[in-house]
1. With B:Val213, B:Val237 as the choices, which residue is within 21 Å of the chain's Cα centre (by Cα) and either surrounded by 15 or more Cβ atoms within 10 Å (Cβ to Cβ) or closer than 22 Å to A:Leu203 by Cα (or both)?
2. Considering each residue of region B:241-281, count those that are within 10 Å of chain A (Cβ to nearest Cβ) and among the small types (Gly, Ala, Ser), and give that number.
3. Across region B:309-360, which residue is surrounded by the most Cβ atoms within 10 Å (Cβ to Cβ) among those that are within 9 Å of another protein chain (Cβ to nearest Cβ) and of a type in the set (Lys, Arg)?
4. Do we have A:Asn26 as polar (S, T, N, Q), at the interface with another protein chain (Cβ under 9 Å from one of its Cβ atoms) and touching a Ser or Thr at 6+ places or on another chain (Cβ under 7 Å) here?
5. For region B:259-289, which residues satisfy the criterion of being in a helix (DSSP H, G or I) and among the small types (Gly, Ala, Ser)?
6. In this structure, is B:Gly236 away from chain A (no Cβ under 11 Å) and out of contact with any helix residue (DSSP H, G or I) (no Cβ under 9 Å at 6 or more places or on another chain)?
7. List the pairs whose first member sits in region A:207-222 and is at the interface with chain B (Cβ under 9 Å from one of its Cβ atoms) and without any contact (Cβ under 8 Å) to a residue 60 or more places away in the chain, whose second member is among the polar types (S, T, N, Q) and surrounded by 23 or more Cβ atoms within 10 Å (Cβ to Cβ), and whose Cβ atoms are under 7 Å apart, counting only residues at least 6 apart or on separate chains?
8. Please enumerate the residues belonging to region A:1-22 that are among the small types (Gly, Ala, Ser), under 20 Å from A:Pro110 (Cα atoms) and within 24 Å of the chain's Cα centre (by Cα).
Amino acid sequence: MNVSKHTMHFRESRASELELIAKLLNKNFNGSINSYPIFNAINQLRNPNYIPTLKDGSVNPECWGYEIEDFVIPVETLKHIKPDGIKNVELILNMKVIANYKEWETLSDPLCDLNFNVVIRGIGEQTCYSGFHIDRHFDGAASIEPHPIYHLQHSSNPYKEEGFDYGRTLSLDTPRIMHYPMDFILGIGFLTSNYSPSIFYNLLDDGTFTNLYRQYQERIWKPFSHSLADHWTFNKGDIVWKPTSTLCPFII
Amino acid sequence: MAKYKFLYLDDESDESTAAIADGLKIKDIIDVIPEEPKIFKDEIADLKNRLKDFDGLILDLRLDGKKLDIAYNAPAIAQELRMIAAEGGIKPIPIILCSTDAKMRATYEVEKICHEHFDYKFTKQDSPPWEKFARKLAALARGYQFINEVRYNIPKILNREDLTTLDPRILEVFNGIEKPLPIYDYASFVVKDLFHQPGVLIKEKLLAARLGVDISKSEDWQKLVGGLFSKAAYTGVFSDGWQRWWSDIAINIFREASKGKRLSMLNAADRVKALSEISGLKNIVAATPLEYNKSTNFWTVCEFYKAPLDPLEGFKIHTTIQPKAWQEDRFISFLAAVTKKGPKPHSSELNRIQAIKEELPKK
């Protein structure tokens, strides 16, 4: 199966954008990240023999995508962390995104598949784990619970109980919270703004990052938000819930 | 102001050497004494004795004139002198490389050689900007003395106190060392790592790009940078030869003065509008994109046209020396890439350039 020239051109642009973000992350994390997993993703985008496989097992040469494996981000927000004594926390991001390049500039779902899986690993007296994932629900998957197409699931201490014994954490399915789709670039904004805010603000002062971030919000979030909003009829002028940053601080 | 004295070794004809020496003596900024090179051993011995009377040394790239039995080149002398200076055998002085443009290009990885041994290089060309060269040479001579005077103190060398806000990797090489490194290491760090590659320090054109301003159309540009942004000007060592700005300080000045706006989030027109409101200056004009480009969210410049560019619309350039993680990449625009002007694009960009070229509407 051959990947067309058009698809390869498109993939080349996405690869060079991932190169820009890799450079930015190397610069802004002061050397405390390893960008190797991003370069693996870049190589996948540039390799015409790599065609990502969709969840139903099919392959479509018009689809582009990449996988990021074990990309580690140090966590600086340790203020409310439990159990006590956790000194060192990191996020481990494993993600896979697949999309059809023909949907990139439309108001349709920009992605065909998404797994954005984050493990939070804290080291104290013992190693503790938490985590969440943002998924695109596979249309063909049988499930009883209704799944918003993009949703976030995570586990935590629901009553925020003082002295809660995390060893007693009840493990059961948490609600599927609707979530907008993510690629690596939007994911970096989401993760750093929550867990390494000082890095996020530094990135926001870098025009290369804001230009990348704006472009990916436009391509990936805009169709999602417009399609959702289009469920109701409305006049743009009637929108009083402004600015957008009060709804989501990382929309730029 | 003291006049700095440079010894200039060149094996070219007397006339051309004298012409360069005279050129560099423009406006009496520096004094240049031209000489023919001796054989290597004698030259080193002679320099060891006499360099104390000079503030700098200029070397022609190839010292292989007819009068010498064995030809040698400038890097060999420079390397030897750096070693002797590091051992305290001679006073550390700036060493400058000069040659014809053709020789510079033809020589094996001149860039790399220069990077390792020389403080600065200039090319012998048809109408050289002598005053610019002379000012840089004087700044280097003065800077070498200054680094020694301030006892290798980095905040004094850079004339900036709050260095902890910078990436810690930048100054790591100078931290926790038992005795100061050779002066050349400090000088080379400032000139090559801070001045020559964008990063914490940026040139005027890059500052203008980030502020969204078209310098050529903005009569008030000097008032703007000399007023609102004066605190962002680099005033450390060699600043009398190289004009640079601290990028982070410029960004913060804008944010504070505009009550929270970020340059990085505004397009050129909005940046300029905010700058006019803050400064009260009316003659500042927003920059426009180069042909083929649309974005005015400028954050870099095209290395050929020296015009503002959104990095997303640019192409990384090929460099002999890989930029450090804390330095920024340099870019060329599509216009420069497609017309094959200026620096070569990075090999990873070639497919993308080709792709965009093929998608251009046929004329």
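The values are calculated or read from the model by the stated rules, or taken from the named source; none is laboratory data. Remember, it's a predicted structure, so these values are computed and weren't measured experimentally. Glycine gets a Cβ as well: all are built from the backbone with ideal geometry, and neighbour counts include every protein chain shown.
1. Numbers: B:Val213 fails: within 21 Å of the chain's Cα centre (by Cα).
The unique qualifying residue is B:Val237.
2. Matching residues across region B:241-281 total 2.
3. B:Lys316
4. Details: polar (S, T, N, Q): yes; at the interface with another protein chain (Cβ under 9 Å from one of its Cβ atoms): yes; touching a Ser or Thr at 6+ places or on another chain (Cβ under 7 Å): yes.
It is true that A:Asn26 is polar (S, T, N, Q), at the interface with another protein chain (Cβ under 9 Å from one of its Cβ atoms) and touching a Ser or Thr at 6+ places or on another chain (Cβ under 7 Å).
5. Residues of region B:259-289 that are in a helix (DSSP H, G or I), as a first pass: B:263-265, B:268-279.
Of everything in region B:259-289, those that are in a helix (DSSP H, G or I) and among the small types (Gly, Ala, Ser) turn out to be B:Ser264, B:Ala268, B:Ala269, B:Ala274, B:Ser276, B:Ser279.
6. Working: away from chain A (no Cβ under 11 Å): yes; out of contact with any helix residue (DSSP H, G or I) (no Cβ under 9 Å at 6 or more places or on another chain): no.
In short, no.
7. That search, which allows pairs on different chains as well, returns A:Gly207/B:Ser264; A:Gly207/B:Asn297; A:Thr210/B:Ser264; A:Asn211/B:Asn297.
8. Just the residues of region A:1-22 that are among the small types (Gly, Ala, Ser), to begin with: A:4, A:13, A:15-16, A:22.
Filter once more, so that each one left must be under 20 Å from A:Pro110 (Cα atoms): A:4, A:13, A:15-16.
Result: A:Ser13, A:Ala15, A:Ser16.
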